[in-house]
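Heads up, the thing below is written out as structure tokens.
The values are calculated or read from the model by the stated rules, or taken from the named source; none is laboratory data. Remember, it's a predicted structure, so these values are computed and weren't measured experimentally. Ideal geometry is used to build each Cβ from the backbone, glycine not excepted, and the neighbour counts take in all protein chains shown. Accessible surface is based on the protein model in full, side chains and every heavy atom, while ligands, DNA and RNA are left aside. Shrake-Rupley method; radii C 1.70, N 1.55, O 1.52, S 1.80 Å.
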Amino acid sequence: MPHAPCPMPHAPCPMNTIHPARITKVLPDSIAAEIGFEAGDAIVAINGTHPRDLIDYQFLCADEVLELEVLDATGKTHSLEIEKDYDQDLGLEFETALFDGLIQCNNRCPFCFIDQQPPGKRTSLYLKDDDYRLSFLYGSYLTLTNLPEREWQRIEQMRLSPLYVSVHATEAQVRIRLLKNPRAGQILQQLKWFQERRLQIHAQVVVCPGINDGKHLEQTLKDLASFHTGEVPAVASVAVVPVGLTRFRPPEDELIPVTREKAKEVISQVQILSQQFRQKFGSSVVWLADEWFLIAGEELPSESEYEEYPQIDNGVGSIQLFIKQFATVAAELLPPKVYPQRKFTWIVGNAVEKAFQPILKRLNCVEGLEVNMRALCSDYWGQTISVTGLLTGHDLLLNLEGQDLGDGILLPNVMLKNGESVFLDDMSIEELAGKLNTKIFPVGGVEDLIKTCIFNVAQV
């Protein structure tokens with residue numbers, strides 16, 4: 001496909017080394033299992049091409065005939081040919097999605113969570129991801145400030161859409177001030193680039209009071225909504241999120257926390273614009289993260305207002321969706337009684353304490369089941385209002401040590417780092433369970449929560 005040159009200046013092109021794709025799991029009854037692949041083996045090349053990442057791997061493996069160069073766990077190289085159906089998966093999982101390394105962030109955003117952590121923790125906590133490939137694969141947000149020409153070409157040629165973009169402001173000087181990067185001022189040109197190629201983004205705006213709020217926020221949302229046109233809108237959706245600050249943030253960051261009054265102001269401002277967009281586009285386009293309503297002490301919007309939940313991973317409608325899913329699954333799975341009797345302590349952030357009361361009440365309607373909710377704020381981060389995902393092992397130990405926790409703790413796994421059994425403060429759930437002298441039951445969602453209450457599964 002011919003590529004029209006992008007009109008924007010680009011970041012330097014880092015030449016990362018491509019490493020063999022190390023296999024961590026071979027799915028049973030798969031092509032790879034039949035051939036004899038084992039964890040520890042690595043894919044070096046597919047049809048003569050060294051895959052840079054999981055995107056390359058998936059694209060190259062779509063062919064019906066594959067010639068693989070494989071490095072086994074002993075360091076010996078093998079060549080083999082595979083014939084399969086088009087698009088049939090081999091059944092392999094890898095230790096990372098990026099075989100040539102992470103594209104890291106080159107901005108210095110004062111609200112960056114990475115810079116608001118204490119020193120001395122594991123290295124992975126300080127890696128600043130700004131990689132378009134992780135955005136495409138997993139929905140992580142990037143800023144588009146660090147892409148050389150070849151990466152723009154790849155996005156276009158491989159149709160890597162949608163991507164998730166941290167916009168924050170569309171006015172050049174405001175965005176440059178926020179990201180501390182002169183390339184940040186190119187965002188409107190970049191959005192036009194996506195529009196011209198019928199590629200999509202989901203946008204994020206983190207509101208920092210005194211910097212990108214008020215008239216700047218209005219301009220940003222109107223600019224973004226102007227790209228919500230055509231059969232394939234370049235801007236598919238926008239999430240407006242309050243800035244989150246911790247006690248570890250740099251003292252010179254010029255940021256101030258979102259107050260109850262500011263939250264009410266932003267809610268009113270965004271809801272007026274959303275109504276205008278609904279009349280014009282047939283969609284709200286812009287949504288407020290649940291946190292705004294929790295900070296303001298206002299009722300959450302109704303479940304129907306979130307349309308298809310395009311920004312669910314940004315905390316937009318997640319509470320209402322959780323409540324809806326709970327009602328559906330509870331009607332199917334929750335029995336009238338359980339035996340033997342059991343008692344659990346359910347940990348949540350205090351931001352959702354009020355919203356989750358109907359769930360707590362329904363669980364405790366089951367005869368023989370007692371669930372006590374402990375809604376905590378985070379002493380570790382220095383927050384008086386905390387979402388569940390930011391609670392740490394330190395917070396649980398501080399609030400629960402020496403208490404009757406029943407048969408164990410129901411622990412939402414959003415508190416754990418990237419699916420590992422480790423909190424954001426580096427404490428493991430095994431260490432916490434030992435210090436609290438109790439069992440810990442990580443739960444991944446509504447069904448996990450209910451089944452754990454009924455069957456006591458997946459304890460640590």
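Would you calculate the volume per residue, in Å³, of the smallest convex hull containing every Cα atom of the range 21-94?
75 Å³
Determine the dipole magnitude for the range 244-324: charges of +1 sit on the beta-carbon of Lys and Arg, -1 on that of Asp and Glu, nothing else is charged, the reference point is the Cα centre, and the result goes in debye to the nearest 20.
Rounded to the nearest 20 debye, it is 100 debye.
Among (i) 57, 50, 44; (ii) 65, 42, 38; (iii) 64, 59, 44, only one was calculated for this model; which label is it, if the read-out is Cα extents along the principal axes in Å?
The listed entry that was calculated here is (iii).
With a 1.4 Å probe and all protein chains in place, put ARG247, ARG342, ARG22 in order of accessible area, largest first.
So the residues, ranked largest to smallest area, are ARG247, ARG22, ARG342.
When the accessible area of the chain is computed with all protein chains present and a 1.4 Å probe, what percentage of it is carbon and sulfur?
50 percent
Using a 1.4 Å probe, what is the accessible area per residue for the chain, in Å²?
The answer is 46 Å² per residue.
Just to make sure I understand: if all protein chains stay in place, what is the order of GLU307, GLU81 by accessible area at 1.4 Å, largest first?
These residues rank, largest area first, as GLU81, GLU307.
Using 0.36 nm times the number of residues separating GLU64 and LYS280, minus their current alpha carbon distance, what extension gain do you get? List each step's numbers first, then the result.
Values: separation 216, 0.36 × 216 = 77.76 nm, distance 4.65 nm.
Additional length available on full extension: 73.1 nm.
Please report, largest first and rounded to whole Å, the three semi-axes of the ellipsoid equivalent to the range 113-315, where each semi-axis is the square root of five times an eigenvalue of the C-alpha gyration tensor.
In descending order the semi-axes read 25, 24, 16 Å.
What percent antiparallel are the DSSP beta bridges of the chain, to the nearest 5?
Antiparallel bridges make up about 40 percent of those DSSP assigns within the chain.
To make sure I understand the rule: partners must be lysines, Cα under 28 Å from the Cα of LYS264, and not fewer than 8 residues away in the same chain. Which ones qualify?
LYS215, LYS222, LYS280, LYS324, LYS354
So how much accessible area does LYS25 have, in Å² to the nearest 10, using a 1.4 Å probe?
100 Å²
Can you give the charge dipole size of the chain about its Cα centre, rounded to the nearest 20 debye, using +1 on the beta carbon of Lys and Arg and -1 on the beta carbon of Asp and Glu?
I would put it at about 1540 debye.
Restrict the search to the range 146-242; then list the trypsin sites (Lys or Arg not before Pro) that DSSP places in a loop and that have at most 15 other Cβ atoms within 10 Å of their Cβ.
ARG159, LYS180, ARG198
Sort ASP426, ASP89 from largest to smallest accessible area, using a 1.4 Å probe on the heavy atoms of the protein chains.
ASP89, ASP426
Express the C-alpha Rg of the range 322-454 as a ratio against the empirical globular expectation 2.2 N^0.38 Å, rounded to two decimals. Intermediate results must be reported in sequence, preceding the final value.
Details: Rg = 14.3 Å, N = 133, 2.2 N^0.38 = 14.1 Å.
The range 322-454 yields a ratio of 1.01.
To the nearest 0.05, what FRET efficiency results for ASP379 and ILE454 with a Förster distance of 30 Å applied to their C-beta separation?
Details: r = 33 Å, r/R0 = 1.09.
The formula returns an efficiency of 0.40 here.
Answer with one residue from VAL26, LEU92, THR74: the one whose Cα lies farthest towards the positive end of the charge dipole of the range 21-94, charges on Cβ with Lys, Arg +1 and Asp, Glu -1.
Positive-most Cα among the choices belongs to THR74.
Among residues other than PHE322 whose Cβ falls under 11 Å from its Cβ, what is the net charge (Lys/Arg +1, Asp/Glu -1)?
Net charge in that neighbourhood comes out at -1.
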